[in-house]
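For reference, the structure discussed in these notes is given below.
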Amino acid sequence: MEKITFCINTSRNERHYIELLLQSLLNGIDVNLHDIIIFVDSDNQGTTEMLIEQKALFPNLTIIKNDGEPIGYAGNINYMFSKAKTRIVSYLQSDMIICLGYDAALLSHVRDDMILCSTRVEPPLHAQQSNSVNYVEIFGFVPEEFNKDPMKLTQYFFAPFTLYKHVWNDIGGHDVSFKKSREDSDIALRLILNKCVFIQCWDAMVYHFTCTSSRGIEWWKQENKDKEVIRQQNDAIELKRFVDKWGTFIHPTNYGEVAQLVAQMPDMVKKINVTTNPPIPEANFRIL
């Protein structure tokens, strides 16, 4: 089995989520083989100390603690991937739990021209979400209609994802100017411009709580009205930044729709397929 570096970022109010993720890693991957990097961007619950205690169970665990201002999701991922020593890197959010045999399933599908996305099972917390499994394919409503393999690969893009590290490096990683959102839409366009395809595999699954970001959760909106207003304002700023850069807007989920949009872009826009980011403020980071 080839070695993978699993990269996880965590921030405030996420200790109990990442404890569950670590338990699932013990059962879902070979922790004696694979590397794990956890980036603690901010911490208000003693998450860092808990992770240090867990190192006895994870011989290849590296903890990176940011003692300065949080650099955000995009910068977290870029930095962790830059520190990976393996050919293959895999990103997980802190509020996810992986299935058994997760590493073997990823390695059975991943290749160096793709972003491999794992299927997410989620509680139906969002109003527009009518079922509990993300991006479900319809394989028929009656036996006579069934003509597809439900374990086939489908084409969608979302976290968690796995890829060869050079694919990320080739396009410069996340554009860190998108500090609050839209970084996924931006990188989806650049990946396709660099001839990369999105593949969703159905045998590497995660349970995703979805509530650490709190987007779309009505009880959170009622109890945190001021924060919700700020989130919406930030999202509007990032949307404008995206449209200013690309001249249009896309949601990155469906590969076919995004690929069609990319094909129609003017050549001048297609040339921004690689991003150049400012240096990451490593002086504030500690390796634990």
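Quick one: would you say residue 8 is within 16 Å of the chain's Cα centre (by Cα), surrounded by 23 or more Cβ atoms within 10 Å (Cβ to Cβ), under 22 Å from residue 180 (Cβ atoms) and β-branched (Val, Ile, Thr)? I'd like the intermediate steps shown before the answer.
Details: within 16 Å of the chain's Cα centre (by Cα): yes; surrounded by 23 or more Cβ atoms within 10 Å (Cβ to Cβ): yes; under 22 Å from residue 180 (Cβ atoms): yes; β-branched (Val, Ile, Thr): yes.
Taking the combined requirement at face value, the residue satisfies it.
Restricting attention to the stretch 93-143, the residues being closer than 26 Å to residue 168 by Cα and modelled with pLDDT under 70 number 2.
Within the stretch 230-281, the set of residues being free of Cβ contacts under 8 Å to residues at least 12 places away in the same chain and either touching a Leu at 6+ places or on another chain (Cβ under 7 Å) or within 30 Å of residue 41 (Cβ to Cβ) (or both) comprises 230, 232, 233, 236, 240, 243, 244, 279. Those residues that are farther than 23 Å from residue 95 by Cβ and basic (Lys, Arg), I need them from the stretch 105-125; list them, please. Selection gives 111 alone. Is it true that residue 19 is surrounded by 18 or more Cβ atoms within 10 Å (Cβ to Cβ), closer than 20 Å to residue 206 by Cβ and of a type in the set (D, E, K, R)? Criteria not met by residue 19.
Run residue 69 past the list (1) surrounded by fewer than 20 Cβ atoms within 10 Å (Cβ to Cβ); (2) over 26 Å from residue 205 (Cβ atoms); (3) touching a residue at least 40 places away in the same chain (Cβ under 8 Å); (4) in contact with a Lys or Arg (Cβ under 9 Å, 6 or more places away or on another chain) and report the number of the one that doesn't hold. For residue 69, the failing item is (4). Of the residues making up the stretch 21-46, those that are at pLDDT 95 or above and either among the hydrophobic types (A, V, I, L, M, F, W, C) or more than 25 Å from residue 3 (Cβ to Cβ) (or both) are 21, 22, 25, 26, 29, 31, 33, 36, 37, 38, 39, 40. Filter the stretch 265-288 down to the residues that are outside any loop (DSSP other than H, G, I, E, B) and β-branched (Val, Ile, Thr) and list them by number. 269, 287, listed by residue number.
Go through the residues of the stretch 212-235 one by one and say whether even a single one is surrounded by 16 or more Cβ atoms within 10 Å (Cβ to Cβ) and at pLDDT 85 or above. The answer is no, given that none of the residues of the stretch 212-235 is surrounded by 16 or more Cβ atoms within 10 Å (Cβ to Cβ) and at pLDDT 85 or above. Here's a check for you: in the stretch 234-288, which residue that is basic (Lys, Arg) and under 25 Å from residue 82 (Cβ atoms) is farthest from the chain's Cα centre (by Cα)? Within the stretch 234-288, the match that is farthest from the chain's Cα centre (by Cα) is 271.
For the stretch 1-48, how many residues meet the condition of being in a strand (DSSP E or B), without any contact (Cβ under 8 Å) to a residue 60 or more places away in the chain and under 20 Å from residue 101 (Cβ atoms)? Of the residues in that region, 2 qualify.
Taking the criterion of being aliphatic (A, V, I, L, M), closer than 30 Å to residue 123 by Cβ, part of a loop (DSSP other than H, G, I, E, B) and in contact with a helix residue (DSSP H, G or I) (Cβ under 9 Å, 6 or more places away or on another chain), the residues of the stretch 63-111 that qualify are 71, 100.
Of all the listed residues (107, 92), the sole one being of a type outside the set (Lys, Arg), closer than 12 Å to residue 4 by Cβ and surrounded by 22 or more Cβ atoms within 10 Å (Cβ to Cβ) is 92. Within the stretch 36-56, is there a residue that is over 24 Å from residue 278 (Cα atoms), surrounded by 21 or more Cβ atoms within 10 Å (Cβ to Cβ) and touching a Phe, Trp or Tyr at 6+ places or on another chain (Cβ under 7 Å)? Looking for residues that are over 24 Å from residue 278 (Cα atoms), surrounded by 21 or more Cβ atoms within 10 Å (Cβ to Cβ) and touching a Phe, Trp or Tyr at 6+ places or on another chain (Cβ under 7 Å), one finds at least one in the stretch 36-56, hence yes.
The values are calculated or read from the model by the stated rules, or taken from the named source; none is laboratory data. None of the values given here were measured: they were computed from a predicted structure. In this analysis, Cβ positions are derived from the backbone assuming ideal geometry, glycine residues included, and neighbour counts consider all displayed protein chains.
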